[in-house]
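The structure's right below; bear with me while I get my questions together.
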Amino acid sequence: MTTVQENRQSGLFGQRLGRHVEMVSQGLLQVSKGDRLSLAVTRLTCMRQERERTVVIEPEAAFSATYKLKDVEEHELWLDGRMRYARGFAAGTVSAADLTEDPRSRIRGPFDGVQFYMRKEALDDLAYERGASPISTLRASPDASDPILSAMCGFLLSAPPELAQTNPLFVDQMALSLLTYFAEGYGGMHLPPLPDNGRLASWQERRAKEIMHSRLAARLTIADIARECRLTPSYFAKAFRRTTGMSPHHYLTHIRVQEAKSLLLSSMLPLADIALICGFGDQSYFTRVFTRSVGASPGKWRREMLR
């Protein structure tokens, strides 16, 4: 998955992270809010048995959490010059570090994992929006597996590269879900319950749907729609799902497919043009989404319906 927006700010993720830990890095996701990086996701792989201890890095106000895709033979971690642990990790477990505490590590044996880099200010903004206290630390139980994060990693690893460019609403929602999950599950953030059963008011639901219907080809984000509904992005995403039974991303995909069906039947426009009109970006992505939703490719579906 490619980045939503190029960000020139440095941080311990992507290629810089790969060089730091002497591993091959693959950027999966990078999301910015305005000109500030919020979240970056990097896959790290290496088949070597031995590595040197990592060098000192400049402290930064960010957290790093790593999900292990495969068993780790041994991971030694020092924080502020003091060894915190030297142990193995099973596949499916998570480790976390505060990048202000001069984390230095040495990993022995092959490695395959996904690192989540989170700016503290992004987590603090999330907590502020929901009336919770700022996140001071991330705590991970080294022996506890995390099936939810496993599913999120699996989706990120299998997502088509062009998805981030063609559907920023999805990327925005994915980033919000990850930040919320880490803030609640590892940062101890307790969110107050949503008032009024957590549903959108009728005018908010109507306005949100109007925006998505009228801007099928636009680069919509959850923040754009939430602002029109006078809600925070995190509240809007949960309230929209509770009101409609669908996430904003899935709802937008659904109406794009429905519009594509209408154009396939009412016009002789090429598939590439329909893909652009409906906001899919390109024909190959349009074909994959349409086929998964309808059970037939756009061309085959058009021929069968017009037979």
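The values are calculated or read from the model by the stated rules, or taken from the named source; none is laboratory data. Note that this is a predicted model, so its numbers are computed, not measured. Reconstructed Cβ throughout: ideal geometry from the backbone, glycine too, with neighbour counts over all protein chains shown.
Please list, ordered by first then second residue, the pairs with beta carbon atoms under 6 Å, 6 or more apart or interchain, first in the range 106-128 and on the phi > 0 side of the Ramachandran plot, second in a strand (DSSP E or B) and surrounded by fewer than 17 Cβ atoms within 10 Å (Cβ to Cβ).
Correct list of pairs: 109/73.
Taking residue 75 as meeting all but one of (1) surrounded by 19 or more Cβ atoms within 10 Å (Cβ to Cβ); (2) closer than 21 Å to residue 152 by Cβ; (3) out of contact with any helix residue (DSSP H, G or I) (no Cβ under 6 Å at 6 or more places or on another chain); (4) not acidic (Asp, Glu), write down the number of the exception.
In the conditions (1) surrounded by 19 or more Cβ atoms within 10 Å (Cβ to Cβ); (2) closer than 21 Å to residue 152 by Cβ; (3) out of contact with any helix residue (DSSP H, G or I) (no Cβ under 6 Å at 6 or more places or on another chain); (4) not acidic (Asp, Glu), residue 75 misses (2) alone.
Oh, and also: Here is a list: 140, 175, 164. Which entry is among the aliphatic types (A, V, I, L, M) and at pLDDT 90 or above?
Unique residue meeting the criteria: 140.
In the range 276-307, what residues are of a type in the set (A, V, I, L, M) and in contact with a Ser or Thr (Cβ under 8 Å, 6 or more places away or on another chain)?
Once the filter is applied, which keeps residues that are of a type in the set (A, V, I, L, M) and in contact with a Ser or Thr (Cβ under 8 Å, 6 or more places away or on another chain), the range 276-307 yields only 289.
For a quick check of your reading: which strands (runs of 3 or more DSSP E) sit entirely within the range 82-151 and have at least 3 residues that are surrounded by fewer than 15 Cβ atoms within 10 Å (Cβ to Cβ) and more than 23 Å from the chain's Cα centre (by Cα)?
Per the criteria, 82-89.
The rows are residues; the columns are (1) among the hydroxyl-bearing types (Ser, Thr, Tyr); (2) under 26 Å from the mean Cα position of the chain (by Cα); (3) within 30 Å of residue 190 (Cα to Cα).
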position: 222; (1), (2), (3): no, yes, yes
position: 271; (1), (2), (3): no, no, no
position: 275; (1), (2), (3): no, yes, no
position: 303; (1), (2), (3): no, no, no
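Still on this structure, please answer the following. Suppose we keep only residues that are of a type in the set (D, E, K, R) and either in contact (Cβ under 8 Å) with a residue 12 or more places away in the chain or in a loop (DSSP other than H, G, I, E, B) (or both) within the range 286-307. Which one would you say is farthest from residue 159 (Cα to Cα)?
By that ranking, first place goes to 307.
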